[in-house]
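K.L.:
Below you will find the structure I want to go over with you.
The values are calculated or read from the model by the stated rules, or taken from the named source; none is laboratory data. No experiment lies behind these values; they were computed from the predicted model shown. For neighbour counting, all protein chains shown are included, and Cβ atoms are generated from backbone atoms with ideal geometry for every residue, glycine included.
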Amino acid sequence: MLAVEPDNRKARFDLAQLETESSNFGASLKIAESVLTDLRRSPVGILLLATDYAGLEEKDLLLPLVHDWQGLPQASAASSTAFGVATCKIWLDATSPRGSREAKSSGQVSYDMALALGNLYFLEWRYEPSLWEL
């Protein structure tokens, strides 16, 4: 369908989604390139981009999506949770104990950061307990 109608937004989104599900994040973004603006206006589109950017560790591209997400009229609890997980995963390295020590020494630690870090560790432990085995 995309070869016949290169401007078909639904076909581009569907193909990009397939690439994302296969962890081909760069390929997904390349396919969706011409519809990025449209994707940033819907929960499923933002979630797709967040997953791709997180998979590619593109923190600078991921951060503006938080603003886009907050501007949405309404998103379901399930999609909001999925967006939160996608955006949190990329910050694991930055919020690791080493990253937290660096933030603390630079005076950038806040209550919100500490709470988010605790929640992130809890989620990581809950869904991947093998990471915490000694």
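K.L.:
For S80, which of the numbered conditions (1) part of a helix (DSSP H, G or I); (2) loosely packed, with under 13 Cβ neighbours inside 10 Å; (3) at pLDDT below 90; (4) among the small types (G, A, S) fails to hold?
P.N.:
For S80, the failing item is (2).
K.L.:
Take the conditions of a type in the set (D, E, K, R), over 15 Å from T87 (Cα atoms) and surrounded by 17 or more Cβ atoms within 10 Å (Cβ to Cβ) and apply them to R12. Does it pass?
P.N.:
Yes: the conditions hold for R12.
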